[in-house]
Amino acid sequence: MSLTAEQAGTDLRAFVDVSPSPFHAVAEMVRRLSDGGFSELTERDRWTLAPGDARYVVRDGGSVIAFRVGSAPLPDAGLRIVGTHTDSPTFKVRPRYDVRRGAYRLVGVEPYGGLLAHTWLDRELTVAGRLAVRGPDGEVDTRLVRLPGGPIRLPSLAIHLDRAVREGLKLDPQTQLVPVWGPDSAADASLLALLAEVAGVPEVEVLGHDLVLADTQPCAATGIDGSWVAAPRLDNLGSCHSATLALLAAAPAAHTQLVVANDHEEVGSGSMEGARGSFLEDVVGRLVAATGGTDPQDLPVTIARSHLVSADMAHAQHPTQGERHEPSHAPVLGGGPVLKLNANQSYATDARSGGWFAARCADVDVPLQHFVTRADLPCGSTIGPLTAMRLGISTVDVGAPLLGMHSCRELGSAVDVPLMVRAMTSCFETG
Ligand SMILES: [Zn+2]
């Protein structure tokens, strides 16, 4: 069954609305995978897997790998992998977050990733993420939490108090990007007490937290025909959503189909669950062993027969600043998946991996756009080169076009969602 753009846009907006933090995004992916017949594995257990098994494994809450074991042994057919990331630029709540200034109570935060700070101003924000709580037997459990409503705000300074703002807004992250929560007189309120109440645990049981700020305005259909999607965190929840739909839709094949969604891409991927970490390598190694691979050559042979699609949003050409794009490589919203290339290897795409993805798109009549950055501008990067480097796997960098990347509120097109899902499904099913 293929989705219409309208259905896909509605579903993407629902996905993003329930995913204010990477932990929530993983929970939503897991919920959808469970509904589709995938069941949980944990890294603490020994695995035995058989052809057709559909399983998922979560590492530290913010990263997930889901796979459907192929009918052929892994060294015979390899893997078809789609990789994404679950995190987005935001602010992370500090351990000692209770800040008082003047008549106000503020929430101490630290910027996370390359955010466009001004886009966070004057919006109703909340706090979401996870609490670490005391579990049975001294273990640490975690609870997903989201503060109800939108009680937190980063107010602009009135132009009358800073005429120089016309020359460009500069905000100091330590002293000025500190959101306000309310009047100082509301002395009884404690953020952690409220979140503990949301989680249904006594505050004294809370041992730690990973909490981020999130915009609370629901995602919207916008544009002249309603086909655009205005939403926070489309980079890279857009790709997480497409990858989940594609894995669920893909018919079983000889090769093993796998989605990896890593946390911490926006801060360099250097963590146990990030793309520089061992998560994918560990799971692929265990997949080979758990399906009967005993020869030391089974893993490298499997990798050599595999393909990885690194899916991360791509820059659509800006309507009024289009000159920031390389003129011959200017993707448009609604124009389909974007193949990303960079001569200096900021993207992993080469002739072979790009050609493989182009063939998979052509197989299912999906149009393909191309992006390279201008020669006089630096290039962003993705988990693609990191994963290619770590595993030695043929990798292609692709993404759906997006305006306002890293804004608190980005803009994509619902038209691209079914195109991306179809392209990914084609990668899972063929080739
Ligand atoms: Zn991204």
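The values are calculated or read from the model by the stated rules, or taken from the named source; none is laboratory data. Computed from a predicted model, the values in this text were never measured in an experiment. Every residue, glycine as well, gets a Cβ built from its backbone with ideal geometry; the counts of neighbours run over all protein chains shown.
Some points to look at:
- If the condition is being closer than 15 Å to residue 197 by Cα and of a type in the set (D, E, K, R), then segment 135-167 contributes 143, 146.
- Cβ separations smaller than 6 Å between residues 6+ apart or across chains give the following pairs from segment 407-423 residues that are not assigned by TED's automatic domain parsing to the domain that holds residue 114 to residues that are aromatic (Phe, Trp, Tyr): 408/120; 411/228; 413/228.
- Tallying residues that are surrounded by 19 or more Cβ atoms within 10 Å (Cβ to Cβ) and either in a helix (DSSP H, G or I) or small (Gly, Ala, Ser) (or both) within segment 395-404 yields 2.
- Inter-residue pairs, beta-carbon under 6 Å, first within 20 Å of residue 370 (Cα to Cα) and in segment 300-327, second surrounded by fewer than 21 Cβ atoms within 10 Å (Cβ to Cβ) and basic (Lys, Arg), 6+ apart: 326/374
- Of everything listed in (1) closer than 19 Å to residue 422 by Cβ; (2) crowded, with 16+ Cβ neighbours inside 10 Å, the single unmet condition for residue 363 is (2).
- Among residues of segment 19-36, those that are aliphatic (A, V, I, L, M) and either surrounded by 24 or more Cβ atoms within 10 Å (Cβ to Cβ) or under 23 Å from residue 112 (Cα atoms) (or both), counted: 4
- The residues on offer are 270, 238, 274, and the sole one that is free of Cβ contacts under 8 Å to residues at least 40 places away in the same chain and within 16 Å of the ligand (Cβ to nearest atom) is 270.
- Contact map, segment 196-208: residues that are without any contact (Cβ under 8 Å) to a residue 40 or more places away in the chain and in the same structural domain as residue 132 (by TED's automatic domain parsing) paired with residues that are in a helix (DSSP H, G or I) and surrounded by 15 or more Cβ atoms within 10 Å (Cβ to Cβ), Cβ distance under 7 Å, separation 6+ or inter-chain. Pairs shown: 202/196; 203/192; 203/196.
- Given (1) assigned to a loop (DSSP other than H, G, I, E, B); (2) within 15 Å of the ligand (Cβ to nearest atom); (3) modelled with pLDDT of 95 or more, number of the condition residue 310 does not satisfy: (1)
- Within segment 112-141, tally of residues that are touching a helix residue (DSSP H, G or I) at 6+ places or on another chain (Cβ under 8 Å) and within 16 Å of the ligand (Cβ to nearest atom): 3
- Of all residues in segment 84-135, those satisfying the criterion of being touching a Phe, Trp or Tyr at 6+ places or on another chain (Cβ under 8 Å), assigned to a strand (DSSP E or B) and within 21 Å of residue 268 (Cβ to Cβ) are 90, 91, 92, 109, 110, 111, 112, 129.
- A count restricted to segment 367-390 and to residues that are in contact (Cβ under 8 Å) with a residue 60 or more places away in the chain and crowded, with 21+ Cβ neighbours inside 10 Å stands at 6.
- Among the candidates 220, 254, residue that is more than 16 Å from the ligand (Cβ to nearest atom), surrounded by fewer than 24 Cβ atoms within 10 Å (Cβ to Cβ), under 23 Å from residue 127 (Cβ atoms) and at pLDDT 95 or above: 220
- Considering residues of segment 394-431 that are of a type in the set (D, E, K, R) and in contact with a helix residue (DSSP H, G or I) (Cβ under 7 Å, 6 or more places away or on another chain) only, the residue farthest from the ligand (Cβ to nearest atom): 409
- Count of residues meeting criterion [crowded, with 20+ Cβ neighbours inside 10 Å and either farther than 17 Å from residue 19 by Cβ or more than 16 Å from the ligand (Cβ to nearest atom) (or both)] in segment 76-91: 7
- Residue within segment 15-24 that is outside any loop (DSSP other than H, G, I, E, B), touching a Gly at 6+ places or on another chain (Cβ under 6 Å) and either among the basic types (Lys, Arg) or within 30 Å of residue 149 (Cα to Cα) (or both) present: yes
- The single condition from (1) at pLDDT 95 or above; (2) among the small types (Gly, Ala, Ser); (3) outside any helix (DSSP H, G or I) that residue 243 fails is (3).
- If you go through segment 359-382 and pick out every residue that is over 19 Å from residue 78 (Cβ atoms) and not in a loop (DSSP other than H, G, I, E, B), you end up with 5.
- Residue 156 being of a type outside the set (D, E, K, R), closer than 29 Å to residue 406 by Cα and not in a loop (DSSP other than H, G, I, E, B): no
- Being modelled with pLDDT under 95, of a type in the set (Lys, Arg) and more than 17 Å from residue 181 (Cα to Cα) holds for only one residue in 163, 80, 130, and it is 163.
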